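Below you'll find the structure, written out as C-alpha cells, and then a few comments.
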Amino acid sequence: MRALPLAVSCIGLLLVAGCADADRAEKVAPPTVRAGAALPTVQPPGAYAKEGWFGGADGLHARVAIRGVERQAAKSVLRYSVTSLDSSVKSVPFEIALLDTAGRRLYKPTGTTSGSGFAPGTTREMSADYPPIPATVQKVTAITPGTAGEFTGIPVNSVSATPSAPGTPSAPGTPSSSSAPPSGSVPSSPSASSTPSVGAEPQVGAEPFMAGAPSPITPSPSATSSPPSSTPGGNPVDLYDIVEGENRTVSSGGSSVTVSLRSDALFESNSGKLSSRGKAVLGDVAQEIKARAAGALTFDGHAGDAKLSGERAQAVLDEVKGKVGAGFTYAANGKQDGDGVDVTYQLKSSASGSVQPASFRVRDGQKVASRTAPFGAAKRRLEVKPFYRDGAYIVAVFDIVNEGPGTTPPDASYPNPSYPGGVFGAFSIQVPGKKDVYRAVRVGPPTPGRPTNYVDAGRAVFRTAVNEPVRGFVYLPAPPGNVTSVTFDAGPFGKVEKVPVS
C-alpha cells in the first residue's frame, strides 16, 4: 500500500512555581516569583491559567491566562494574558489555534500576534482574531505554542458575557507591561542586544504547527503585518482521523472519507484482477458507502505502472458499483506512484453527534507507567499520565525526561515516515484485543510531497537540560464505544498496556 502523506503536537510542561509537581496547572492566583523580581499581575476572575515554557527550546518561562473567546458578528476574538516568569527579556511568537473538538475543526488566527520583549515579572494583555465560530459551539480548546499545551473547555460567549477584556488595570502595586498591539499588527523588533530571540528553529526537525499560517513556533519573517498564507482546507480547516486496519487505512474528516486499500489485499500478484479476498474487502467498503456516502465516488489507483494503476482503479470501481448501484457518480484515475487504491467519498450531512468537549483540566493525573529508551549515547524516559477525552478525540498525555548525558537536541522528535510532519507520528493507541491502530489527528487534507500538520504543538522539545521533564500531548481519534483503557504504542519507548481513559 502506498505510504500516504497523512498527517497536528505539543510537548508541554506544566510547572507551578514553588511546587515540584510537574503535572499541576492553576486556574486563578498567580505564582510566587523569585526574590528581587517584580510581582506578576493578579489574574482576573474566570481566567484559565497554566505555566510553561513557550516558543522554542529553552524559550520563555511564562504563565498564560485565557479569559475566553468573544463571539462577534464578523469574527471571534480570543482574550488572554502572558506573564513572564523568566529572568531576562525574551521574544517569542505567540500564535494560538482553537479546536472545535465536537465539530472536528481547527480555527487559525487571521493575523500575527506580537511576542516581542516579554519583560520579567510583567503581564501583557493580548488578543487574537479568528473566523466566526458558529453559535452552536459553546467551548473550544486552545492550543498554545509551548509546554502548557492544550487549554480545554474555553468558553465562547457574546462580548458582554466574556469575563474580562484587555486593558483591565493591574492590582495595586503590581506592575504590568503595556498591552500588545492590535491583533494583526507587529511592532518593530527590539535590537538583538536588548531582546534576545528565543524562537524555534523552523527549518530543523518537524514541520511547525499551522505551517502556512502564523506558526506558534515560527517568527514572522518581517516586522510588517501580513495575512496568513492559504493552506489546504482554508480557515477553519477540517480535522482528519487516521485509523489503520488490517487491509486498509481510513482518513475521515468532517465532510469526506478516503479509504486506502492495500494492493495485496485486493489483487492477484502483479495483476489488475481482483482476488476473492479483495472482493470480500470491497463488499465491506460498499456497505459503508451505502450507509454513509452521498454524491461522487472517486477511485485512484496507485502503481509503478500507469496502465496497471488505471486497470486496478477501474476494477475496484466496477466491483463497488455493482454492489452500490445508482445514486452516485463514479470516476477512476490511474496514478504512477505508490501502491494500492484510494476510494474517496463525501459524507451525508448529519449532526456532529453527542460528543462533548472536555472541561478545563487543572492538572494531569499521576504517572501510570514509565519507559526508557536510548537515543545515541543518551537516554530519555517517558512517563505516561492518564489519557482523557476531548470531544471526538482521546488526548495522550506524557512527560519526556532527558536522563543524559548531554542536553536534548532542540529538534528532537518521534516521527513516522508514513506520516511526515507529525512530531509524535510514531505514537498511537489500540483498543485491547482489537487490531485497528489510531494515529495522530491530521489538520486538513494531505499535501503531496510536503509534511502535514497534526494536532500537537509542532515540536517535541521546549527544555533541553538533564532531568527537566517536558510535558507532551497528541490528539488521537477516539475509538467507538465506551473505551476506558487503551494500549499506548510510544514508538521508540515501546508499548504501555491498560492506560486509563477518562
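Laboratory data are not the source of any read-out in this text; all were calculated from the coordinates shown. All of these numbers come straight from a predicted model, not from anything done at the bench. Please note: Cβ atoms are built from the backbone with ideal geometry, for glycine as well, and neighbour counts cover all protein chains shown.
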Worksheet item: Between Tyr330 and Ala465, what length comes free when the chain is fully extended (0.36 nm per residue of separation minus the Cα-Cα distance, one decimal in nm)?
Response: 43.0 nm
Discussion item. Which entries of Lys385/Lys498; Lys50/Lys385; Lys90/Lys385 have Cα-Cα distances beyond 20 Å here?
Written reply: Lys90/Lys385
Worksheet, complete the sentence: Expected vector for segment 239-246, Karplus 3J(HN,Hα) from phi with 6.51, -1.76, 1.60 and θ = phi - 60°, integer Hz, x for Gly and Pro, equals 9, 10, 6, 10, 10, 8, x, 5
Fill in: Residue-wise HN-Hα coupling along segment 92-107, computed from phi with Karplus coefficients 6.51, -1.76, 1.60 (Hz; x: Gly, Pro)
9, x, 9, 8, 10, 9, 10, 10, 9, 7, 8, x, 6, 9, 10, 9
Discussion item. Run the reach check for Lys108 against lysines, Cα to Cα strictly under 19 Å, same-chain hits fewer than 8 apart removed. What comes back?
Written reply: Lys75, Lys139
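Mind ordering 485-494, 50-59 by average Cβ neighbours within 10 Å, highest first?
Working: 485-494: 18.7, 50-59: 26.5.
For the peptides 485-494, 50-59, the packing ranking is 50-59, 485-494.
I need to check one value: relative contact order of segment 369-500, counting alpha carbon pairs closer than 8 Å and at least 6 residues apart, in percent.
Dividing the mean separation by the residue count of segment 369-500 yields 29 percent.
Which order, highest average first, do 296-302, 433-439 follow once you tally other Cβ atoms within 10 Å for each residue and take the mean per peptide? If you can, show how the numbers build up before the last one.
Details: 296-302: 21.1, 433-439: 16.4.
Order by mean packing, descending: 296-302, 433-439.
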Discussion item. Please list, ordered by chain and number, the residues whose modelled amide H lies under 5 Å from the amide H of Arg361; skip anything fewer than 5 residues away on the same chain.
Written reply: Thr152
Fill in: Sites Asp284 and Val355 - FRET efficiency at Förster radius 25 Å, r taken between beta-carbons, to 0.05
0.50
Response to the item:
To the nearest 0.05, the calculated FRET efficiency linking Ser269 and Ala377 through their beta-carbon distance, R0 being 56 Å, is 0.80
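Based on Cβ point charges of +1 for Lys and Arg and -1 for Asp and Glu, what charge dipole magnitude is obtained for segment 369-500 about its Cα centre, in debye rounded to the nearest 20?
On the way: 16 positive and 10 negative charges, 33 e Å.
Approximately 160 debye in magnitude.
Just to confirm the filter: which trypsin sites (Lys or Arg not before Pro) across segment 308-380 are DSSP coil and have at most 15 other Cβ within 10 angstrom of their Cβ? Kindly include the intermediate steps, with their values, before the conclusion.
Details: sites: Arg312, Lys321, Lys323, Lys335, Lys348, Arg361, Arg363, Lys367, Arg371, Lys379, Arg380; in loops: Lys348, Arg361, Lys367.
Passing sites in segment 308-380 are Lys348, Lys367.
Multiply the residue gap between Asp318 and Arg292 by 0.36 nm, knock off their C-alpha separation, and tell me the result in nm, one decimal place.
Working: separation 26, 0.36 × 26 = 9.36 nm, distance 1.93 nm.
That pair, Asp318 and Arg292, stretches by 7.4 nm at full extension.
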Discussion item. Please arrange Arg71, Arg389, Arg292 by how many other C-beta atoms lie within 10 Å of their C-beta, fewest to most.
Written reply: Arg292, Arg389, Arg71
Discussion item. Just to confirm my numbers, what's the Cα centroid distance between segment 268-315 and segment 99-161 in Å?
Written reply: 42
Worksheet item: Can you tell which of Ala490, Gly406, Ala377 lies farthest toward the positive end of the dipole of segment 369-500, using +1 and -1 charges on the Cβ of basic and acidic side chains (Lys, Arg; Asp, Glu)?
Response: Ala490
Worksheet item: How about Lys323: which lysines have a C-alpha closer than 29 Å to its C-alpha, ignoring those fewer than 8 places off in the same chain?
Response: Lys273, Lys279, Lys290, Lys307, Lys335, Lys348, Lys434, Lys435
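Any chance you could run the full-extension gain for Ser502 through Asn482? It's 0.36 nm times the residue separation minus the Cα-Cα distance, nm to one decimal.
On the way: separation 20, 0.36 × 20 = 7.20 nm, distance 0.99 nm.
Gain on extension, Ser502 to Asn482, equals 6.2 nm.
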